[in-house]
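Q: Could you have a look at this structure, given as structure tokens, before my questions?
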Ligand code: IFM
């Protein structure tokens, strides 16, 4: 018999994000975010869908939290919507209704002894700030710090763990270089500026957090792309290093106090808009690293690629996202992160699998491929802990099926099925698998 053994204090959580689950887009004083506007652009989101209703968690959070408790989860990672807290973006006017919503949600979590892990920014920038240039402008980093201060003042006594920003890679590159996420811009110059401003936003927020004397751990969540070379040719090995530098090290190294990689500043000469003192602001001490891991890609030298590398096909089984299942990539990645961060505590803040499994005639959802995926990644986690990696927790992405950004509702990551017509929640078999693992019966 195989058994998944984890330390007693390992934190088992599950995660969502505001725009993906809350709905109530025009309620409670919330203003439009870049995703509300982007979703209205023809062709931007599959089927013209949007997060206006999503999973209606704004109204159904009590039901959702009760289900999390039933499944045994110890922590819920949710995100706070900036347009609910400061609808004007940077005018300092705090929306009491928005604050009350998150206070109630946190209270409900605590009533079940579930920890509140709050992400301050999971992509819903107030549109008014995008109208002034968004993340390509330094003022957005400063506005973010002011917004974060409001979150610290309002929720600082109750949030158990803070994450400043989710996946800076997606904010900067998907939003400003590839245009596939809001605000839908394709401009590498703006993307490079966004890289720096997102890093700066994080640093300014952590500085404010320390100044406020708050004690709960604070960190950031990256989705580090650490591709492996497709072959053992030197050119492909170098291509993998360039990919890691451009896609990942530009975010991680400055925050870990190591500055921007030379490869990016000196060789590729990317015009990062660093001002005096920025690197100090960015490299505030963090208490943990959040890692979102889904897959690992092989890359090779490609003379036509913008940075002379390109992704190569994989042989592994893929999810509905087309992402190959590569549990070994998680091990490679966490060992690398552990090394460069000097063993800072790591939480897997997202890991999961998209597949469209529906309730059968008995109302059960047999999502076997998701269970296989999760089981293999958890085996890697257990092994890494035994090897001494300081891995402290794991959050399943996602608690429930939800609005999967440009894919609309066509990709289902939930361990709980959502019927978007009736809003009925149905735990999938993977939810019961997690329940058993958390209870100490993770065997097969
Ligand atoms: O749904 C997203 C989430 O918002 C950020 N990380 C990746 C997930 C799956 O694409």
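Q: Work out, step by step, the length gained on full extension between residue 238 and residue 96: first 0.36 nm times the residue separation, then minus their alpha carbon distance; give nm to one decimal.
A: Details: separation 142, 0.36 × 142 = 51.12 nm, distance 5.19 nm.
Result: 45.9 nm gained on full extension.
Q: A further question follows. Express in % the proportion of alpha carbon pairs of the chain at distances exceeding 29 Å. Mind showing how you got there, number by number?
A: Details: 42781 of 98346 pairs.
Cα-Cα pairs in the chain separated by more than 29 Å: 44 percent.
Q: Same structure again: Which semi-axis lengths, in whole Å and largest first, follow from the square roots of five times the eigenvalues of the Cα gyration tensor of the range 364-424? Working shown, then result.
A: Values: eigenvalues 167, 33, 19 Å².
Values for the range 364-424, descending: 29, 13, 10 Å.
Q: Here's something else I'd like to know. Across the range 176-273, how large is the tail of the calculated P(r) beyond 19 Å, expressed as a percent of all Cα pairs? Spell out each step's value before the answer.
A: Working: 2502 of 4753 pairs.
Taking all Cα-Cα pairs of the range 176-273, the fraction more than 19 Å apart is 53 percent.
Q: Taking 25 °C and 0.890 mPa s as the conditions, I'd like the Stokes-Einstein D for the range 88-148 in µm²/s, using the Kirkwood hydrodynamic radius from alpha carbon pairs. Could you put the intermediate results ahead of the total?
A: Values: Rh = 13.3 Å.
Once the numbers are plugged in, D ends up at 185 µm²/s.
Q: Over the range 96-250, what portion of Cα pair distances is larger than 29 Å, expressed as a whole percent? Kindly include the intermediate steps, with their values, before the conclusion.
A: Values: 3286 of 11935 pairs.
Across the range 96-250, Cα pairs with separations above 29 Å total 28 percent.
Q: I would also like to ask the following. Of the beta bridges DSSP finds with both residues in the range 256-367, what % are antiparallel, to the nearest 5?
A: Working: 4 of 8 bridges.
Close to 50 percent.
Q: Just grab the label-to-label distance for residue 27 and residue 376, each label 7 Å out from Cα along the Cβ direction, in nm (one decimal).
A: With each label placed 7 Å out from Cα toward Cβ, I get 4.1 nm.
Q: Continuing with this model, one more query. Counting each pair of different Cα atoms once, what's the Kirkwood radius of the range 50-107 in Å, rounded to one decimal?
A: Working: mean 1/r = 0.0776 Å⁻¹.
Kirkwood hydrodynamic radius for the range 50-107: 12.9 Å.
Q: With a ≥ b ≥ c taken as the square roots of the eigenvalues of the C-alpha gyration tensor of the range 389-434, please select rounded if a/c is under 1.5 and otherwise prolate if a/b is larger than b/c or oblate if it is not? Please list the in-between numbers first.
A: Values: a/c = 3.47, a/b = 1.57, b/c = 2.21.
Cα axes put the range 389-434 in the oblate bin.
Q: Here is a follow-up. P(r) for the range 220-275: what percent of alpha-carbon pairs falls in each 5 Å bin, starting at zero?
A: 4, 19, 25, 23, 17, 8, 3, 1
Q: Between residue 5 and residue 158, 0.36 nm times their residue separation minus their Cα-Cα distance comes to what?
A: 52.0 nm
Q: Rounded if a/c is under 1.5, else prolate if a/b beats b/c, else oblate: with a ≥ b ≥ c from the C-alpha gyration tensor eigenvalues square-rooted, which is the range 279-336?
A: Values: a/c = 2.72, a/b = 1.40, b/c = 1.95.
Here the range 279-336 falls in the oblate category.
Q: Another question, then. Output the antiparallel fraction of DSSP beta bridges having both residues in the range 339-444, as a percent to the nearest 5. Mind showing how you got there, number by number?
A: On the way: 3 of 8 bridges.
Percent antiparallel among DSSP bridges in the range 339-444 is about 40.
Q: Please report the antiparallel percentage of DSSP beta bridges with both residues in the chain, rounded to the nearest 5. Display every interim value, and only then the final one.
A: Details: 9 of 44 bridges.
That works out to approximately 20 percent antiparallel.
Q: Neighbouring Cβ atoms within 10 Å as the yardstick, rank 326, 180, 195 fewest first.
A: On the way: 326 22, 180 15, 195 27.
So the residues, fewest neighbours to most, are 180, 326, 195.
Q: Then there's this: To one decimal place, what Kirkwood hydrodynamic radius in Å is obtained for the range 130-185 from all pairs of distinct Cα atoms?
A: Numbers: mean 1/r = 0.0790 Å⁻¹.
When all Cα pairs of the range 130-185 are included, the Kirkwood radius is 12.7 Å.
Q: Using alpha carbons only, how many angstrom separate the centre of the range 364-382 from the centre of the range 83-132?
A: 32 Å
Q: Within 10 Å of each residue's Cβ, count the other Cβ atoms and sort 293, 61, 19, 420 from fewest upward. Mind dumping the intermediate values first?
A: Values: 293 24, 61 21, 19 27, 420 15.
Ordered by Cβ neighbours within 10 Å, fewest first: 420, 61, 293, 19.
Q: How do 422, 117, 221 rank when sorted from fewest to most other Cβ atoms within 10 Å of their own Cβ? Write out the running numbers ahead of the final one.
A: On the way: 422 7, 117 29, 221 25.
Ordered from fewest to most neighbouring Cβ atoms within 10 Å, 422, 117, 221 come out as 422, 221, 117.
Q: Using the Cα atoms as the points, what is the convex hull volume per residue of the range 1-118 in Å³?
A: On the way: hull volume 16.8 nm³, N = 118.
Taking only Cα atoms, the range 1-118 has a hull volume of 142 Å³ per residue.
Q: Take residue 304 and residue 107, extend 7 Å from each Cα along the Cα→Cβ direction, and tell me the distance between the two endpoints in nm.
A: Label at residue 304, label at residue 107, 6.0 nm between them.
Q: Let me ask something additional. For residue 439 and residue 311 in one chain, what is 0.36 nm times their gap in residues minus the Cα-Cα distance, to one decimal in nm? Write out the running numbers ahead of the final one.
A: Working: separation 128, 0.36 × 128 = 46.08 nm, distance 3.97 nm.
The span from residue 439 to residue 311 would gain 42.1 nm if fully extended.
Q: So, by mean Cβ neighbours within 10 angstrom, what's the order for 74-83, 44-53 with the highest one leading?
A: Numbers: 74-83: 25.9, 44-53: 17.6.
Result, highest mean first: 74-83, 44-53.
Q: Add -39500 (n - 2.57) for each DSSP H run of 4 or more in the chain, then divide by its residues: what number comes out at 222 nm, to the nearest 500 deg cm²/dmol? The partial results should precede the final answer.
A: Details: 14 runs with 156 residues, N = 444.
So the calculated ellipticity at 222 nm is -10500 deg cm²/dmol.
Q: Follow-up question, since we're still on this one. If you take the Cα atoms of the range 1-64, find Rg, then find the Kirkwood Rh from the mean of 1/r over all pairs, what is Rg/Rh? Walk me through the intermediate numbers first.
A: Values: Rg = 17.4 Å, Rh = 14.4 Å.
When Rh is taken as the Kirkwood radius, the ratio is 1.21.
Q: Can you report the principal axis dimensions of the range 228-328 using only the alpha carbons, biggest first, rounded to whole angstrom?
A: 46, 33, 22
Each value in this text was obtained by applying a stated rule to the coordinates, not by laboratory testing. What you see is a predicted model; the values in this text were computed from it and never measured. Note that we place each Cβ from the backbone using ideal geometry, even for glycine, and neighbour counts take in every protein chain shown.
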